[in-house]
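The values are calculated or read from the model by the stated rules, or taken from the named source; none is laboratory data. If you're wondering where the values come from, they're calculated on a predicted model, not measured in any experiment. Virtual Cβ from ideal backbone geometry, glycine too; neighbours counted across all protein chains shown. With ligands, DNA and RNA removed, areas are computed over all heavy atoms of the protein, side chains included. Shrake-Rupley method; radii C 1.70, N 1.55, O 1.52, S 1.80 Å.
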Amino acid sequence: MRKTLTFTPMVKRFLTFVLILLAASVAMGQYSTVIYNYELNRFGENEPLPSERNILFTGNIPSFIDVVEISIYNHKGLESRGPLAAGVWKRTFNDEGTAFSIPMNYPLQASKKYDVAITFFSAVSDEQKAELYQQLLANLHAYLDQTTQVGRSGFKLIRKSKQLVADLNTIVWTGLQNYRSKTNLSFNGFSDLVAQSIDNLDNTKLPASMQSLPDSLKEAKKAAMKAHALQQVKTQVDSELRFLLNQDWAMLYDQRYIDDYPTEDRPTHFAINAGYGGIWLNGKLDDKSSFGDAAYFGLGFPLSTSTIAPRFLQDASLTVGFFTRNFNGDDGTTYSGPIFNRPLYAGIDYKLFSFIRLNGGAAIIEKTPANGSGNSIVLKPFLGISAKVNISLSLDK
């Protein structure tokens, strides 16, 4: 016989409330949009950047701009350190639009100042790509020629082969620092084949027969052998460089820099909580008549509003409030409250999803027996789930 799953009315009300809060939480998980104005080099109407929220940077661009980068630095700028956060937009195939959009999943601290760099890269034509290839190739070949010598007995590298390969990589990285690949292809250095070719070059010896040649003829022979020996290295370098540049590239067009741009202030705030919860009144835990459940309202006061505080302190608050109705026990006992004639509560709430909070603590109850005598104040545990709306407090400066 198939069994069906049943819930008590109290559990059903809990589940319904949770589903409503989850749906609202998903709907509010959005970015704060910031519009960049290229001509005026400002964000919107010079409003502060959003603080403690993810940002979506947008703006208008000419159709020949293929890549846009936004980098955020601390107030000391980009001269001596890397960015705190960076985002990039790349024009997709057949996209002829005139707007970019860059999500930045790095909430900025409130009441701070940041430096922002916005860099634009334009499309590279085939002629410009060919010119870049020739410039890089000439620099690589020149370096190989300068670092290879021919001694009395054979070839000699003026630097160790590993350092020589590292220098070749640096030449390419330096040459491409003002370019961006539209296909996310990055240059990770020349392959082991180049390193092996250089090692082979370093071990090449001159034939003994060259020692008997006149000096003028000997030098010519050495130069010819050097050119021939280097050709294998240069061929491998050429092949890998050509493969690298045989992609869609964009070149630096302009960079705008905004110094010490402020973020929104973080005002002091408290929260209004509205939730649904249950109180254990008496009896056994497995007896549903031992519990009372109702909606409740209260205030929450964050343990910390600092973004650098421990996560628990950021997500937890002290909360106090009252239940919207009193409870009656099976024995006729009334459970109310000592001040507003409603049960009160105090405890901790903790963030579950966005503005959804889990509440727990102690309910303050005035217990009145059926005969109306012998009232007493008791503390009972309660548990609930609530929605939170922050109310900001700020003073005029």
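Please go through the stretch 322-336 and give me each residue that is of a type in the set (S, T, N, Q) and open to solvent by 20 Å² or more (accessible area, probe 1.4 Å), ordered by number.
Passing the criteria: Thr324, Asn326, Asn328, Thr334.
So, Lys156, is that one basic (Lys, Arg), over 17 Å from Ala166 (Cα atoms), open to solvent by 70 Å² or more (accessible area, probe 1.4 Å) and modelled with pLDDT of 85 or more or not?
no
For the stretch 351-387: of the residues being open to solvent by less than 40 Å² (accessible area, probe 1.4 Å) and hydroxyl-bearing (Ser, Thr, Tyr), which is nearest to Thr333 (Cα to Cα)?
My answer is Thr368.
Could we say that Phe120 is surrounded by 13 or more Cβ atoms within 10 Å (Cβ to Cβ) and within 28 Å of the chain's Cα centre (by Cα) here?
yes
For Gly29, indicate whether it is surrounded by 14 or more Cβ atoms within 10 Å (Cβ to Cβ), modelled with pLDDT under 80 and either under 30 Å from Lys112 (Cβ atoms) or touching an Asp or Glu at 6+ places or on another chain (Cβ under 9 Å) (or both).
In short, no.
Which condition number in (1) modelled with pLDDT under 55; (2) assigned to a strand (DSSP E or B); (3) not hydroxyl-bearing (Ser, Thr, Tyr) is the one that Ile72 fails?
Of everything listed in (1) modelled with pLDDT under 55; (2) assigned to a strand (DSSP E or B); (3) not hydroxyl-bearing (Ser, Thr, Tyr), Ile72 misses just condition (1).
Here are the criteria: (1) hydroxyl-bearing (Ser, Thr, Tyr); (2) surrounded by fewer than 18 Cβ atoms within 10 Å (Cβ to Cβ); (3) over 26 Å from Gln30 (Cβ atoms); (4) at pLDDT below 90. Tell me which single one Tyr133 does not satisfy.
(4)
Which numbered condition in (1) open to solvent by less than 20 Å² (accessible area, probe 1.4 Å); (2) at pLDDT 85 or above is the only one that Thr148 fails?
(2)
Pairs needed: first member in the stretch 43-70, closer than 17 Å to Leu84 by Cα; second member anywhere, in a strand (DSSP E or B) and open to solvent by 80 Å² or more (accessible area, probe 1.4 Å); C-beta distance under 9 Å; at least 6 residues apart or different chains.
Cβ pairs passing all conditions: Pro50/Thr33; Ile55/Thr33; Leu56/Thr33; Phe57/Thr33; Phe57/Ile35; Glu69/Gln255.
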